Each structure stands twice: as C-alpha cells, then as structure tokens.
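The values are calculated or read from the model by the stated rules, or taken from the named source; none is laboratory data. All figures in this text were calculated on a predicted structure; none of them were measured in a lab. Methodologically, a virtual Cβ is constructed for each residue, glycine included, from the backbone with ideal geometry; neighbour enumeration extends over all protein chains shown. These accessible areas exclude ligands, DNA and RNA; they are computed on the full protein's heavy atoms, side chains included. Shrake-Rupley method; radii C 1.70, N 1.55, O 1.52, S 1.80 Å.
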Amino acid sequence: MIVAVTGSTGLIGSALVRRLAEQGHQVHAFTRRPEVRFARPEVRAFVWDPMQGQPPEEALAGVHGIVHLAGEPVAQRWNPEVKARIRDSRVVGTRYLVQALSTLSPRPAVLVSASAVGYYGDRGDETLTEDAPPGRGFLPKVCIEWEREATLAEALGMRVVLPRIGVVLASGGGALERMVPIFKFGLGGPIGSGKQWMPWIHLDDIVGLLIYALENPLSGPVNAAAPAPATNAAFTRALAMALHRPAFLPVPPFAVKAVFGEMSRIVLASQKVIPKAALDSGYTFRHPALDAAMASVFP
Ligand SMILES: NC(=O)c1ccc[n+]([C@@H]2O[C@H](COP(=O)([O-])OP(=O)(O)OC[C@H]3O[C@@H](n4cnc5c(N)ncnc54)[C@H](OP(=O)(O)O)[C@@H]3O)[C@@H](O)[C@H]2O)c1
C-alpha cells in the first residue's frame, strides 16, 4: 500500500511512518520543512504547508490511503494568534487536502483524519461513546469543524475515519514529556480534585489503530483511547509508580490556570471516553491497562 501521512514528523506521525515502512508499505511523508529527511528507502518526503494551499498533486497520486495528522500544537499557552493557528492549521488545512482530493483520479480509498477527545469538552462522569454530542467551548468547536471538513471526502466516494485521540503515552514527546521532569523532582501530583477522567492511549495503540483504520471497514468517529479510562489521580499514581517517585502534592486548579491560562481547560476537563467503535470492530488493544502501559513507556 502507498500511504500519505501528514504531520509525519510529529509524535504520532513519526512512529506511524516507521511502523508503516517496517511493514513494507511505501510512505509519502508530508512536512512543511524542506530540510526534513527520512532515513528509510520506503519513505519519500513531500513539502506541504496546510495553511498555504493544496498539497502537490504528485504527493497524492497513486496513494491508497491518507492519515492526516498535521496541526499546530494545542498544548501551549493560548492567545488569539495561537488559537487561530490551532484552528486554521486543522480546519483550513483539511479543507485544502479534500479540495486536492476532489480533482484527483483515481482517488485514495480512505482518509483517516485526526480529531481529538477535546470534541467532548468537560463532561464529568458521563460515559462518552462516539455518538455522544460534542461539548462547548473552543476545542469542541475546532474538532466539530475539523471533522466536518474531513467528512466532505465521503462525497468523493472515500471512506472517512475520524479518530478522536486521547492523551498519547510516549516517552519522546507529548503530554508525558512535559510531566516527567516535574515528577522526577518529586513534585508531581493530582491536578485539582484528581477526579476528572483522562482518556489515554499508548503510542503503540494509536499507531496500531490508525493502521487498522486504513485496512478495515471502520468509518466515522472512532474514540482512540484505551478501554480503561483513568481518573487524573489514578493517572498520576501510575506515572509516579513507573518513575519510582512519590506523587503527593495536589496541584490546585488556580495554579494550573496561572501557568496555562485558558489552555488549562484541557487538563482540568473530565472525559470518560470509551472506544466503543474500535472494540466493536475487533481492534485489540496492545496496552489496555494503565499501569502496564506506563511501565512499558518507562521500563
Ligand atoms: N499527542 C496527543 O496526545 C494527541 C491527543 C489528541 C489529538 N492529537 C492530534 O493528533 C495529531 C497528531 O498529534 P501529534 O502529537 O503527533 O502532534 P505533533 O507532535 O505536534 O505533530 C504535528 C505535526 O504537524 C505539523 N505542524 C505543526 N504546527 C503546524 C502548523 N501550524 N500548521 C501545519 N502543520 C503544523 C508539524 O510537522 P512539520 O513541522 O514537519 O510540518 C508536526 O510535526 C494532531 O492533530 C493532534 O492535535 C494528539
């Protein structure tokens, strides 16, 4: 199979590109940066800036499936410019991608276009399967628009899968990379009440699920989170245990708000997300339990 991957240099993208190449697939790896090189002969780099226009036709020609991951990082302090980039890199970028697909013949069979558990907003103890309505606020709105743009590819005869991704557990980046130094100093602790639910997924499983979505007849939203969601307190305990450090000190919500500003909503929000579509379709999670997943990230 030839697979195009946008956001190919990111936390998920780089692991996905590696796994696809290891499995013998050809990969068209999209990046905004012309200097990026991939070591493997199965991987060809193509330059595309999702905010600037459609990707080059040759990058999509002959491709069987696309995994669209590109987007401005969400976990940074927000201001109006950052929020515009978070939205536009996803919503406008996906629009340009689908526009390019509309003029292509033949077209890839499938578009797997990232979304996020941020779709659900802050939902307390409610169990959230894929048919739960969206939440309110900036991130739910971005996810709704992002998913809507990707879904337009269905009218082109493509199968569209929308993985709503939870917090990815990986040692080399993402949320954990930011938390680890604090925990190593013994300063980690539950955030706020610690009762908020955190949807998490091991890097192996998000990569596994993206490839599964390329190869199997899934469509529409697919919660990309492990089947055992954890409270923030349980998550904190598991991380501290894996790092052999204590995690006593609770972090009060005002401190999170002071550090992260409006973005603190992400860490304080509660989302009890269940991966119903993935389980119903037969996907088997390699890392279904939090403590073991954390131990595999920090052996
Ligand atoms: N990691 C998570 O925990 C998580 C959770 C939920 C959802 N997601 C979603 O899954 C997708 C992939 O996540 P990730 O963690 O792999 O992301 P990441 O590490 O931040 O990588 C995203 C990639 O997108 C490109 N990019 C960055 N800023 C951009 C901008 N302003 N415009 C266009 N492209 C830009 C970059 O590639 P180049 O610099 O090479 O162009 C970057 O490597 C993202 O859309 C993210 O929102 C991730």
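Determine, yes or no, whether V27 is more than 23 Å from N223 (Cβ to Cβ), open to solvent by less than 60 Å² (accessible area, probe 1.4 Å) and part of a strand (DSSP E or B). Step through it out loud before you land on a result.
Details: more than 23 Å from N223 (Cβ to Cβ): yes; open to solvent by less than 60 Å² (accessible area, probe 1.4 Å): yes; part of a strand (DSSP E or B): yes.
Yes, satisfied.
Could you check how many residues of the stretch 114-143 are out of contact with any strand residue (DSSP E or B) (no Cβ under 9 Å at 6 or more places or on another chain) and under 23 Å from W78 (Cβ atoms)?
9
So which residues in the stretch 224-239 are open to solvent by 30 Å² or more (accessible area, probe 1.4 Å) and under 19 Å from the mean Cα position of the chain (by Cα)?
Across the stretch 224-239, the qualifying residues are P227, A228.
For the stretch 101-119, enumerate the residues that are more than 12 Å from the ligand (Cβ to nearest atom), surrounded by 17 or more Cβ atoms within 10 Å (Cβ to Cβ) and assigned to a helix (DSSP H, G or I). Step through it out loud before you land on a result.
At the first step, the residues of the stretch 101-119 found to be more than 12 Å from the ligand (Cβ to nearest atom) are 101-111.
Now restrict to residues that are surrounded by 17 or more Cβ atoms within 10 Å (Cβ to Cβ): 101, 107-108, 110-111.
Listed by number, the list holds a single entry, L101.
Of the residues that sit in the stretch 168-179 and are at pLDDT below 95 and touching a helix residue (DSSP H, G or I) at 6+ places or on another chain (Cβ under 8 Å), which one is surrounded by the most Cβ atoms within 10 Å (Cβ to Cβ)?
Applying the first criterion (at pLDDT below 95) to the stretch 168-179 yields 171-179.
Among the residues that remain, those that are also touching a helix residue (DSSP H, G or I) at 6+ places or on another chain (Cβ under 8 Å) are: 171-174, 176, 179.
Working: S171: 13, G172: 11, G173: 16, G174: 18, L176: 24, M179: 19.
Here the answer is L176.
Among the residues in the stretch 19-28, are any in contact (Cβ under 8 Å) with a residue 24 or more places away in the chain and within 18 Å of the chain's Cα centre (by Cα)?
Residues of the stretch 19-28 in contact (Cβ under 8 Å) with a residue 24 or more places away in the chain: 19-20, 23, 25-28.
Then drop every residue that is not within 18 Å of the chain's Cα centre (by Cα), which leaves 19-20.
The answer is yes, given that some residue of the stretch 19-28 is in contact (Cβ under 8 Å) with a residue 24 or more places away in the chain and within 18 Å of the chain's Cα centre (by Cα).
Against the condition closer than 14 Å to C143 by Cβ, of a type in the set (V, I, T) and either in contact with a helix residue (DSSP H, G or I) (Cβ under 9 Å, 6 or more places away or on another chain) or away from the ligand (no atom under 13 Å from the Cβ) (or both), how does V91 come out, does it pass? Even if it seems obvious, please write down each step before you answer.
Values: closer than 14 Å to C143 by Cβ: yes; of a type in the set (V, I, T): yes; either in contact with a helix residue (DSSP H, G or I) (Cβ under 9 Å, 6 or more places away or on another chain) or away from the ligand (no atom under 13 Å from the Cβ) (or both): yes.
The answer is yes for V91.
Can you find, within the stretch 66-81, the residue that is farthest from W146 (Cα to Cα) among those that are open to solvent by less than 10 Å² (accessible area, probe 1.4 Å) and within 11 Å of the ligand (Cβ to nearest atom)? Give the derivation first.
Restricting attention to the stretch 66-81, the residues satisfying the condition of being open to solvent by less than 10 Å² (accessible area, probe 1.4 Å) are 66-68.
Now drop any that are not within 11 Å of the ligand (Cβ to nearest atom), which leaves 67-68.
Details: V67: 14, H68: 11 Å.
Only one residue fits best here, namely V67.
Have a look at G13, G53 and point out the one that is of a type outside the set (A, V, I, L, M, F, W, C) and in a loop (DSSP other than H, G, I, E, B).
Numbers: G13 fails: in a loop (DSSP other than H, G, I, E, B).
Among G13, G53, only G53 is of a type outside the set (A, V, I, L, M, F, W, C) and in a loop (DSSP other than H, G, I, E, B).
Have a look at V98, V17, V63, V27 and point out the one that is more than 13 Å from the ligand (Cβ to nearest atom), β-branched (V, I, T) and closer than 23 Å to D205 by Cβ. Give the steps one after another, and end with the answer.
Working: V98 fails: closer than 23 Å to D205 by Cβ; V17 fails: more than 13 Å from the ligand (Cβ to nearest atom); V63 fails: closer than 23 Å to D205 by Cβ.
Going through V98, V17, V63, V27 in turn, just one is more than 13 Å from the ligand (Cβ to nearest atom), β-branched (V, I, T) and closer than 23 Å to D205 by Cβ: V27.
Could you check the stretch 252-299 and list, in sequence order, the residues that are out of contact with any helix residue (DSSP H, G or I) (no Cβ under 9 Å at 6 or more places or on another chain) and of a type in the set (S, T, N, Q)?
none
Tell me, please, whether a residue that is surrounded by fewer than 19 Cβ atoms within 10 Å (Cβ to Cβ), out of contact with any Leu (no Cβ under 7 Å at 6 or more places or on another chain) and assigned to a strand (DSSP E or B) can be found in the stretch 240-257.
no
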